[in-house]
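Participant: Please see the structure below; I have some questions.
The values are calculated or read from the model by the stated rules, or taken from the named source; none is laboratory data. What you are looking at is a predicted structure, and each value in this text was computed from that prediction instead of being measured. Note that we place each Cβ from the backbone using ideal geometry, even for glycine, and neighbour counts take in every protein chain shown. Ligands, DNA and RNA are stripped out before the accessible areas are found, and what is left, the full protein with its side chains, is counted by its heavy atoms. Shrake-Rupley method; radii C 1.70, N 1.55, O 1.52, S 1.80 Å.
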Amino acid sequence: MEDDARTPTEKEHPGPATEGSAPVASSPTTTSAAGTNSSGPLPLRHGHELPYVAAPSSYLRPKPISRTMSDNRASGPLDKEQMQGLRGVREFLKVRTSYDVLPLSFRLVVLDNNLLIKKSLNILIQNGIVSAPLWDSQNSAFAGLLTSTDFINVIQYYCQFPDEIAHIDQFRLSSLRDIERAIGVLPLETVSVHPMRPLYEACRRMLKTRARRIPLVDRDDETGREMVVSVITQYRILKFIAVNNEQYTMLLKKPVQELGLGTYTDLATATMGSSVLDVIHLMVKYNISAVPIIDKDNKVLNLFEAVDVIPCIKGGAYDELSATVGEALSRRAEEFGGIYTCNEDDRLDAIFDTIRKSRVHRLIVVDDDNRLKGIISLSDILKYVLLYGEEDDDIRGN
Ligand code: AMP
């Protein structure tokens with residue numbers, strides 16, 4: 001649930017909306033023992049008895065490709081088709097604006113910078129969102145984005161200065177920059193984009209700064225002051241591409257292995273018995289937003305995401321961070337959609353099909369025995385779609 005807006009209506013160009021009918025991990029085809037930890041099975045809540053891992057392979061592999069078929073290696077025509085697909089998607093991103101990505105109606109929760117951090121956490125949880133733009137009401141200006149990274153920073157501060165726990169409760173959102181300084185992390189560059197600029201520009205800016213979401217900021221004609229229109233995420237952009245460009249994404253027939261899509265070495269992993277704090281340290285060290293949870297045979301059991309940190313510190317319960325990952329995951333919301341897996345032989349067109357139909361934020365790459373091979377994040381996909389084969393494939397702003 002990393003996408004911020006709960007959207008009743010999705011815009012499409014052309015055709016009917018599809019998100020409402022997304023088969024979000026409802027019938028897993030790959031099973032694993034999510035919900036167990038090294039010290040025995042966790043109590044499973046009603047409806048969570050089945051494993052959470054979903055391999056949407058029924059549509060992830062529209063046409064199985066034989067491993068020995070050198071269709072991909074021999075592949076002048078396949079290369080051409082792939083580039084044609086990429087070019088089609090890039091053209092689409094250049095003629096659409098960020099505004100086009102917004103659903104017909106949506107709700108935006110903006111938080112005053114003066115709010116206590118503790119309260120902001122409750123507001124996010126109550127509204128079922130994981131991020132919100134901040135507003136500096138003194139200067140009537142946009143003041144950045146509150147995301148799970150900020151809460152991870154507060155946790156790091158707590159670890160470095162445990163005696164400060166009484167003060168942590170009194171910190172306001174405006175103190176987040178001081179917290180960054182105190183723990184020695186570089187403040188994230190707050191990039192924003194005008195909603196009417198090409199979507200391509202928003203994507204390039206996100207890739208350049210490694211941001212997973214970008215605020216759309218306009219100026220009020222009368223007052224000249226900034227206005228936050230909305231925030232768009234990598235997920236929403238890729239969904240928008242998938243829904244509106246099937247004629248191009250269907251040309252992306254190369255398997256992820258051949259594309260080198262994702263990360264396959266030096267993977268950060270944890271077990272059900274690891275502490276939440278350990279996993280948070282891994283996320284900070286690797287600058288990543290999710291850690292696969294594996295068993296002793298390297299089989300994937302689950303995934304701990306940065307957003308899973310939020311409920312862990314609800315009510316200022318920082319001492320609960322020593323709880324195990326297994327315990328933390330068992331507190332996930334009932335509507336948690338599951339995690340998605342794919343195989344190295346799966347093709348990018350099939351991944352786009354999955355994105356079109358489901359709420360996917362990353363795919364764990366597994367072998368036929370569900371052993372971890374790699375991870376494909378939305379930023380990997382966005383980067384490939386935007387930059388592969390481009391002469392200037394360094395990540396410049398636009
Ligand atoms: P993300 O944090 O999901 O946007 O991913 C940022 C980059 O880190 C991408 O290139 C991912 O492939 C990679 N990545 C994501 N999760 C992990 C992980 N657990 N271990 C190693 N690399 C990862």
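Participant: Can you tell me which condition Arg90 does not meet? The list is (1) surrounded by fewer than 13 Cβ atoms within 10 Å (Cβ to Cβ); (2) of a type in the set (Lys, Arg); (3) at pLDDT 50 or above, and all the others hold.
Facilitator: Just one mismatch for Arg90, condition (1).
Participant: Somewhere in segment 373-380, is a residue away from the ligand (no atom under 14 Å from the Cβ) and surrounded by fewer than 22 Cβ atoms within 10 Å (Cβ to Cβ)?
Facilitator: There is no residue in segment 373-380 that is away from the ligand (no atom under 14 Å from the Cβ) and surrounded by fewer than 22 Cβ atoms within 10 Å (Cβ to Cβ).
Participant: Then there is this: Could you say whether any residue in segment 257-269 is away from the ligand (no atom under 16 Å from the Cβ) and either within 30 Å of Phe92 (Cα to Cα) or open to solvent by less than 10 Å² (accessible area, probe 1.4 Å) (or both)?
Facilitator: Yes, the conditions are met somewhere in segment 257-269.
Participant: Here's another thing I want to ask about it. Identify, from the list Ile165, Ile155, Ile129, the residue that is within 25 Å of Leu277 (Cβ to Cβ), assigned to a loop (DSSP other than H, G, I, E, B) and in contact (Cβ under 8 Å) with a residue 12 or more places away in the chain.
Facilitator: None of the others qualify; the one that does is Ile129.
Participant: For segment 319-351, which residues satisfy the criterion of being among the hydroxyl-bearing types (Ser, Thr, Tyr) and either open to solvent by less than 20 Å² (accessible area, probe 1.4 Å) or touching a strand residue (DSSP E or B) at 6+ places or on another chain (Cβ under 8 Å) (or both)?
Facilitator: Within segment 319-351, Ser322, Thr324, Tyr340, Thr341 meet the criteria.
Participant: Please go through segment 283-308 and pick out each residue that is open to solvent by 40 Å² or more (accessible area, probe 1.4 Å), among the hydrophobic types (A, V, I, L, M, F, W, C) and within 8 Å of the ligand (Cβ to nearest atom).
Facilitator: Within segment 283-308, just Ile288 meets the criteria.
Participant: Separate question: Whether any residue in segment 179-192 is surrounded by 13 or more Cβ atoms within 10 Å (Cβ to Cβ) and in contact with a Lys or Arg (Cβ under 7 Å, 6 or more places away or on another chain) is what I want to check.
Facilitator: Within segment 179-192, one or more residues are surrounded by 13 or more Cβ atoms within 10 Å (Cβ to Cβ) and in contact with a Lys or Arg (Cβ under 7 Å, 6 or more places away or on another chain).
Participant: Also, quick follow-up: Given the conditions (1) near the ligand (Cβ under 10 Å from one of its atoms); (2) closer than 24 Å to Pro187 by Cβ, and given that Val217 satisfies all but one, which numbered condition is not satisfied?
Facilitator: (1)
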